Amino acid sequence: MITIKNLIKTYRTEEVETTALNQLSLSVNTGEFLSIMGPSGCGKSTLLNIIGLLDSPDDGSYQFDVEEVASYNEKQRASIRKANIGFVFQNFNLIDELSVYENVELPLIYNKVKPEDRKVKVTQMLERVGIAHRAKHFPLQLSGGQQQRVAVARALVTNPKLVLADEPTGNLDSKNGNEVMELLSELNAQGTTIIMVTHSAYDAKFSTRTISLKDGEIVSEIKNEQKLDILIQ
Amino acid sequence: MLKIWFKIFYRNSKKNWLNLLVNISGLTLGLAGLLIVMLYFNDENSYNQWNPNKDDVYRIANESKRNGIYFSSTSAEAILFKSDIPEVEETVLISPFYRSRVLKYNGQNTFTEKTTFTEPEFFNFFPFEILEGSSGKFLENRKHIALSKTLSEEIFGDKSAIGNLVTIDEEDYTVSCVYEVPGNSHYESDLLIQFSEPFELHWGNFQNELFCKLTPGADVAEVKSKMNNIIIEKNIKPKLEGSGITLEEFDDKYGVIKVLLENLGTIRLHHKADYAGPSGKGNYQLLLVLTGLSLLLILISCVNFINLSTASASQRAKEVGVKKTLGLSKKELTIHYILEVLVQGFMALLFALLLVELILPYFNEFIGKDISIFNGTSILKIVGVAFFTSLFIGLVPAIYVSKFKSIEVLKGNYSRSKKGVLVRNAMLALQFLISGFFLIGVLVIYSQIHFMINKDLGFDKDQTLVVDVFNVGSEYQKYELAKQVLSKNSNILDVSASMFVPGEGNVNGTNLSYGDVGFNSGSNLVDFNYIDFAKLKVLKGRGFSEAFSSDTISSIVINETAAKRLGIYDDPIGKKLRVGWMRDEDNRPLEVIGMIQDYHFDGFDTKIDPMFLLHWNTFSFSKDWLHAMQFKVKSDDVAQTISAIEDFWKVHVDSEYPFSYGFLDKKFAETYDKYQKQQTMFLILSIMVIIISLLGLFALATLTIQQRLKEVAIRKTLGASAREIILPLINSFLKITVIASLILLPIAYFLMQNWLDNFVYRIDMPIWPYIVTPILLLVLVFSVVGFKAYHATKIDLIKYLKFE
Ligand SMILES: Nc1ncnc2c1ncn2[C@@H]1O[C@H](COP(=O)(O)OP(=O)(O)OP(=O)(O)O)[C@@H](O)[C@H]1O
Ligand SMILES: [Mg+2]
């Protein structure tokens, strides 16, 4: 589904030049659950943002499905993103002024789904993540775990081919974190491709493959056929 | 402490330079506007304030049911009020309008436009500063005159003027004193000439302004009733004797005159009569409106200020939170904040003073005055206004900011308070409302003035050259000569003369009666050709003609209004009328030979009064009243035509007075000059208000959109299109605009209806300003906010999605 070759991304500020991704190559197949690990600042988020078409690389090739998207402009990227990709963030990124229901409904509106279909989909999705009883609440009235479930529901409601999650459990305690991870692996079992950035080896165990980055390069790759303990650093 | 405060203020200002710009520029414009209006007001209020007699001197106006209020009085009143009322110390009659005269001295002619004729007691009422000679000397002899310093220097240079003989109108006068007018004054004459003889007691001639000096502390109401009593006892009752008419019947029919006492100290701005001396009258209503408008301007900038600071307060919440945890008290926080605002207020004040200093020359030219920024105490007042305004607009957000709960703020957990947003929106709506009102105002005023300028006045004012005839003697003969000679000039199509040139205002009023019905009517003396010359429309009968010898003896032409009031509208021809100028023994009938269509002989902001026309020769005494000749000229070679007339003029008409002429359409345009000035002022103020409002809107939109950038980023990641992002951002602003417009329309309609009611001849309220204005507001709001919102769609997503 995703084929990345020799991807380069550098950030320039007045004083320093940081190479966030250095000739990175990676491919992800449909149905995989990939986790990305590595020390802080190694380029995980940068990679995820590029995969999610929120950002574009400086050099290298990126094939999404069969399209070469590395050189796409903002508008073209937006249209692929809208149709194919769902996001889950560490800080949830829900809109405070909108209710749980409205937050989840939002991507459907932007994808021009008919109102009657929207209702069915949102309700189903809220039930699936177990937050239906809170549909009328506002984000600030929910716990972190509940908010993240809403964020997951929002990411999934359009039935995206690919879900990207940047430290989805980073702001949650282990119990709430577990719930979210179970939700993600359940999704994966149903066929959604997932790429997740995490610092937690425990969370990484839920995935089918784990790659580790350092200084913008992949330094190791492990297939999690069984639930293995993996040491970090 | 202060250093840290200043550092934070400085860095904050650098970050929020837009806020600072909006705050300061808004306040600057507001303060500058208020200062100018205050200076103007102050100047208008300063009239006669220098005069030590101002509290005790009253001008007498006369009011009657029939004829309204006259600003002038009779000699009988002057004489009897003084002799019969103990509280009246002294009275004086003074000619109300400036005249032009030429002074001859040593073979040299000096022209002045500001001559005033007066009774000798002038200086007892207007004690000008005497530089040379004395007012006592002036009193001694009716051939003594007084000169202003300017005129004296013009004639005598730096030599003494006193005792010199000058010739005016072929008479010799002695200069008895030189004076300077200490300040703005009812009279600011350059030359004072005394009436040649004391007045005889006469009840019929309302020609001069009458001033009475009352004993200090006199009861004005009582004096007034004594005066009214004298008029009834000495004027009305003797007339009624034996006639069988009661006082009430007389009052109904002719109107008993009652006096009004108008205090010299306040007459400039508060007068019931339509005229307040040759220095002109102040427009109190306009001053109030201008003051109100400039206060509105300040209000709007305050609203901007408060709006911006509360909106940006959440951005500063962190600073406040930290300061609070470090132990700063609420009071100290408030003081810090107010200090910041005071600094901005002070900067605005400086800019405002600078701005006013720059604008004043233009403003002075515009209103025809000479105001300096240091006049009176206005500058002190504006400092006070700036201080208290800053204090006020500092206090509101300061309290708002200092109320933040420190823990929540530090957790980043302050949510935008619903109440704050509501207040902010209400203030924004208020601004839109005011801006919208100004827009509608400008459009309605524009429509009315456009209507006035293009209205058919009922007479022809094109290509008509009006040349002033001064007091040169045998004016009518000179006119006849000029007509005879100049008519031959191929560039001059026609020559005529009428006593009053349209638009000049003071149409001489006199009684016009038919049988029992009589009233005060405008009068005009005209040449045979005048009706054709001015293209007046004859509705019934005919105009004057040389073919009828009776037309110079017993023919009269009246306008529609006069015919209606006389009750002869349907069949006016042949009716026999009388006019007030006829002596009692003068028995000739004046027969109506024609009725002309009403025309605007007196400017179009006044109602068309009844009016009659007579030929110049009808009364022998009235021939001196010719003070202008009119020439219809060809449109090409106008300059040459004028110099041809001037050449003739210098030789045959007048070699002393300056040759003074104007075109009738331009002269007439002066009658709506006042409204055009109102329009200009309104336009300038509206542009200011709209700019300030838009600046405020721009800054507020910037802020609110900044606060919502994260939301924008989220929506964008979820696939929202640019339109889908922009609309919710603009939405609330558009809603406010619509609501403000809905409130605005009826208010504006009501107020503008009121304004239009000031006009006798007015347009129907135009509807289009009420459609255009909301649309314009929406477009402006849409473009300003849309511009910011569009920018918001271009943000760097990752920056705002990142956990912070
Ligand atoms: N906008 C930016 N401007 C400059 N440098 C940046 C920017 N964003 C990221 N970087 C740099 O790029 C490198 C990679 O950043 P990235 O956010 O991908 O790290 P990460 O692996 O996600 O770290 P963490 O685990 O702390 O989230 C870092 O060295 C960072 O300082
Ligand atoms: Mg990261």
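The values are calculated or read from the model by the stated rules, or taken from the named source; none is laboratory data. This is a predicted model, so every value here is computed, not measured. Neighbour counts are summed over all protein chains in view; Cβ atoms, including those assigned to glycine, are modelled from backbone coordinates with ideal geometry. When the accessible area is computed, the model is the full protein with side chains, heavy atoms only, and any ligands, DNA or RNA have been set aside. Shrake-Rupley method; radii C 1.70, N 1.55, O 1.52, S 1.80 Å.
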Using only helices, what value at 222 nm comes out for chain A when you add -39,500 (n - 2.57) per DSSP H run of length 4 or more and divide by the total residues, to the nearest 500 deg cm²/dmol?
-10000 deg cm²/dmol
So how do A:166, B:796 rank on accessible area, 1.4 Å probe, biggest first, that is with the largest at the start?
B:796, A:166
Using a 1.4 angstrom probe on heavy atoms only, work out the carbon and sulfur share of the accessible area of the protein assembly as shown in %.
55
Full extension between residue B:453 and residue B:564 adds, at 0.36 nm per residue less the Cα distance, a length in nm of 37.2 nm
Potential lengthening between residue A:14 and residue A:221 on full extension [0.36 nm per residue; Cα-Cα distance subtracted]:
71.0 nm
FRET efficiency, 1/(1 + (r/R0)^6) with R0 25 Å, evaluated for residue B:283 and residue B:50 via beta carbons
0.70
Relative contact order of segment A:2-232: what whole-number percent is it, with Cα pairs under 8 angstrom and at least 6 residues apart?
28
Once both label points are put 7 Å beyond Cα along the C-beta direction, the residue A:102-residue B:233 separation in nm becomes 8.5
Over the Cα atoms of chain B, what is the Rg over Rh ratio if Rh follows Kirkwood?
1.08
Show the residues, 5+ positions off or on another chain, whose built amide H is closer than 5 Å to the amide H of residue B:518.
none
Modelled FRET efficiency - R0 22 Å, residue A:124 with residue A:178, Cβ distances, 0.05 increments
0.45
Residues with amide H under 5 Å from that of residue B:131, placed H, sequence gap 5 or more
B:178, B:179, B:180
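Could you pull out the trypsin sites (Lys or Arg not before Pro) across segment B:561-597 that fall in loop regions by DSSP (anything but H, G, I, E, B) with no more than 16 other Cβ atoms inside 10 Å?
B:583
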Tell me, which residues of segment A:58-96 get at least 10 Å² less accessible area when the other protein chains come in, versus the chain alone (1.4 Å probe)?
A:74, A:81, A:82, A:87, A:89, A:90, A:91, A:93, A:95
Compute from the Cα atoms of segment B:77-153 the Rg and the Dmax, the latter being the longest Cα-Cα distance, and quote both in angstrom.
14.9, 49
Straight-distance crosslink candidates among lysines, where the alpha carbon sits under 21 Å from residue B:258 and sequence neighbours closer than 8 are dropped:
B:65, B:82, B:213, B:224, B:226, B:234, B:237, B:239, B:272
Computed over chain B, the relative contact order (Cα-Cα under 8 Å, seq sep at least six) in percent reads 15
Principal-axis tilt of helix A:74-84 within chain A, Cα atoms, nearest 10 degrees
60
Per residue convex hull volume, Cα only, segment A:89-233, in Å³ is 124
Label-reachable residues, segment B:484-526, where backbone N falls under 19 Å from a point 7 Å from residue B:571's Cα toward its Cβ
B:514-517
In order through segment B:773-787: 3J(HN,Hα) via Karplus (6.51 cos²θ - 1.76 cosθ + 1.60), integer Hz, x for Gly, Pro:
4, x, 5, 4, 4, 4, 4, 4, 4, 4, 6, 5, 5, x, 4
In deg cm²/dmol, rounded to 500, what helix-only [θ] at 222 nm does chain B give when every DSSP H run of at least 4 residues adds -39500 (n - 2.57) and the total is split over its residues?
-16500 deg cm²/dmol
FRET efficiency (residue B:661, residue B:195; Cβ distance; R0 30 Å; to 0.05) is 0.50
In square angstrom and rounded to 100, what buried accessible area do you get between chains B and A, total over both, with the probe at 1.4 Å?
1800
Residue by residue through segment B:435-445, what is 3J(HN,Hα) from phi via Karplus (6.51 cos²θ - 1.76 cosθ + 1.60, θ = phi - 60°)? Round to whole Hz and write x for glycine and proline.
4, x, 4, 4, 4, 4, x, 4, 5, 5, 4
Under a crude label model (7 Å from the Cα following the beta-carbon direction), how far is residue A:74 from residue B:617 in nanometres?
9.1
Taking a cut-off of 15 Å between Cα atoms, list the aspartates and glutamates near residue B:14, but don't count ones fewer than 8 places away on the same chain.
B:340
5 Å-binned pair-distance histogram of segment A:1-40 (Cα, whole percent)
7, 16, 19, 24, 17, 10, 5, 3, 1
All lysines inside 20 Å of residue B:137 as judged from Cα atoms, apart from same-chain residues fewer than 8 positions distant:
B:149, B:159
Per residue, how much accessible area does the protein assembly as shown show when a 1.4 Å probe rolls over the protein heavy atoms, in square angstrom?
46
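Would you mind computing the Rg to Rh ratio of segment B:57-263 from its alpha-carbon coordinates, Kirkwood style for Rh?
1.05
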How much length is gained if the chain between residue B:670 and residue B:84 is pulled fully straight, taking 0.36 nm per residue apart and subtracting their Cα-Cα distance, in nm to one decimal?
206.6 nm
Looking at segment B:612-699, how many pairs of lysines come closer than 16 Å at the Cα, when each pair is eight or more places apart or spans two chains?
5
